[in-house]
Amino acid sequence: MPLNNQLVAMRETQPWKFLALHRLNFQFLRLNFQFLEGNFKRSEPYLQDDQKAADYLRQVRWPAGVTCPRCGNDAVEPRERCDNGLQRFNCVPCAARLGQQFAMFTDWTSSIFEESKLRPLEWLLVIGLWQLKLNATEIAASADIQERTAQRCINLLDGGIYETYHLDPTRQLEHQGEADECYQSAGSQGLAREVERHERAPRQRGMQLRGRATAETGRPPMLGLVQRRDKADQDSPAAQVYLEVLENVRTATIKPIIAAKVKGGAQFFTDEYSIYHFTKADYDYRTVNHGADEYAHRDPDGTCVHCNTMEGIWSSLRNFLDHFKDISQRFLHLRVARDEFLHNHGHLHWRQTFEAALRCLFSTTGDYLRRMAHQHRRMPLTLCYR
Ligand SMILES: [Zn+2]
């Protein structure tokens, strides 16, 4: 297929991938760019201008009609738009309650985007690129924004997903679950200014230590829980994962997580590592002996005992995390939450994933990240994940 046709095909299936690749790698095709981008905007009408982008975001935030973020009432009247295309509303009950002529709010009041200076259209581009697992440098280049801005954007998006999706207590794994742990090198990035003033030791980079590392040694462990995909069912979702960054891997640390995330009675597969032995009590617990070079076996009842699903997820997570230069331990759990979210929505059309992400983001005000960014400057690294 000629390259141009490939691009046209990609535009229909994955518009943002098209845009990113186009802007990053195919700059020599610049002549075609305007034509293709024009088509792209026709296929995704909300990418035409800020007003359409704002309308689209409002539709996702309030599918059943706009309600006041303060009082929840739907007796609101639209007023003139802001300069960046956001719609202003006046809440009649709030105005009466406060004894004012107006009680205004906009499309973004009390949302994660409220304090942002980016325009709605830019946000839509950034979210589409974020969904492609790009890092700040790539997002900045593709969406044509500052790299520092892109960095703030991905922290905001990853933080929103962590708070709403990762911490969602209703998400549980059942049927056949695998558990495994993995260690990720992550530096504890110091603030450059403080290092210069010699107030603290220079940043430690992740160290190549072997064995059971902890967050303190620069290799925070991660616990992965996965519900195997039901292969008999064609329409079943992708294997559902739960990834948690930990200070250490001890039974005391992982026990509450497993108890909360895996439904009792499920089949539970791990390697022979002793920290998992406690699961015998509540689960149908089976082990595979990696130490004896055994990676899978079939039990007499026909059950395949292995944790290869989890191994596969680790390798894709490593690929994703390798993408971020010198990943900071303070933000590692946010990146991991993005990978978890995108993996669990991997079986869906990109548009469904995109809107699922938006719905998650609109269900929080971004408090978690604000609190985290504030507290983490003073907190020992090992407490960052709580
Ligand atoms: Zn109100």
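The values are calculated or read from the model by the stated rules, or taken from the named source; none is laboratory data. Just so you know, these numbers come straight off a predicted model, no measurement behind them. Positions of Cβ are generated from backbone atoms using ideal geometry, with glycine treated the same way; all protein chains shown enter the neighbour counts.
Descriptive notes on the structure:
- Residue within region 267-275 that is under 20 Å from the mean Cα position of the chain (by Cα), in contact (Cβ under 8 Å) with a residue 24 or more places away in the chain and over 30 Å from residue 63 (Cβ atoms) present: no
- Test set (1) more than 24 Å from residue 359 (Cβ to Cβ); (2) away from the ligand (no atom under 11 Å from the Cβ) - residue 90 fails condition number: (2)
- Qualifying residue in region 141-156 (condition: away from the ligand (no atom under 16 Å from the Cβ), over 27 Å from residue 45 (Cβ atoms) and in contact (Cβ under 8 Å) with a residue 40 or more places away in the chain): yes
- Annotation: of all residues in region 72-87 being within 24 Å of residue 360 (Cβ to Cβ) and surrounded by fewer than 15 Cβ atoms within 10 Å (Cβ to Cβ), the one that is nearest to the ligand (Cβ to nearest atom) is 72.
- Number of positions in region 217-250 that are under 20 Å from residue 335 (Cα atoms) and of a type in the set (Asp, Glu): 2
- Of the residues making up region 215-222, none is at pLDDT 90 or above and assigned to a helix (DSSP H, G or I).
- Condition met for residue 173 (touching a residue at least 24 places away in the same chain (Cβ under 8 Å), out of contact with any strand residue (DSSP E or B) (no Cβ under 9 Å at 6 or more places or on another chain) and over 19 Å from residue 364 (Cα atoms)): no
- The residues of region 118-155 that are at pLDDT below 90 and basic (Lys, Arg) amount to a single one, 133.
- Any hit, region 93-110, residues being free of Cβ contacts under 8 Å to residues at least 40 places away in the same chain, surrounded by fewer than 18 Cβ atoms within 10 Å (Cβ to Cβ) and more than 15 Å from the ligand (Cβ to nearest atom): no
- Failed criterion for residue 69 (all others in (1) away from the ligand (no atom under 14 Å from the Cβ); (2) within 19 Å of residue 160 (Cβ to Cβ) hold): (1)
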